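The next block holds one structure in the form of structure tokens; read it before the comments.
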Amino acid sequence: QVQLVESGGGLVQAGGSLRLSCAPSGRTFSTSPMGWFRQAPGKEREFVAAISWVGTITYYVDSVKGRFTVSRDNAKNTVSLQMNSLKPEDTAVYYCAAGNPGASLTNVRAYDYWGQGTQVTVSP
């Protein structure tokens, strides 16, 4: 069974940092683009960041540019999201996902495999 497992969420004060990790199991995703999405209560799931399978191309939603950094280590089959200067509006459940090569990586429909999510809460 293929799974994506996120970790690293938690409670942090505004201005603080968290590092999320995603570790697939059941198969390797070293040739798949990977993405991070988030969903706040009462809102739709939104794109946050994505990285190409090689790791040389990254995408970010405007609201996190300059604060979040997505990276991957294909040798370890892991993907990370470093989140700095966190704001209360970043509060959400964050999901890791494995995408289809060639698809529009900002679109939720480009992703076939999803993790269960990890809660990030940023207090004022």
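Observations, loosely collected:
- Those residues of the range 99-122 which are farther than 14 Å from ILE51 by Cβ, of a type in the set (Val, Ile, Thr) and either assigned to a helix (DSSP H, G or I) or under 12 Å from the mean Cα position of the chain (by Cα) (or both), in sequence order: VAL108, THR118, VAL120
- Number of the exception - PRO88 against (1) closer than 16 Å to TRP36 by Cβ; (2) open to solvent by less than 60 Å² (accessible area, probe 1.4 Å): (1)
- Filter result (surrounded by 22 or more Cβ atoms within 10 Å (Cβ to Cβ) and under 20 Å from GLN119 (Cα atoms)) within the range 39-63: VAL48, ALA49, ALA50
- One residue alone among GLY16, GLY35, GLY66 is under 23 Å from VAL122 (Cα atoms) and open to solvent by 60 Å² or more (accessible area, probe 1.4 Å), and that residue is GLY66.
The values are calculated or read from the model by the stated rules, or taken from the named source; none is laboratory data. Predicted model, so just to flag it, every value in this text is computed and none were measured. Cβ atoms come from the backbone with ideal geometry, glycine included; neighbour counts cover every protein chain shown. All accessible areas refer to the heavy atoms of the entire protein, side chains included, with ligands and DNA or RNA removed. Shrake-Rupley method; radii C 1.70, N 1.55, O 1.52, S 1.80 Å.
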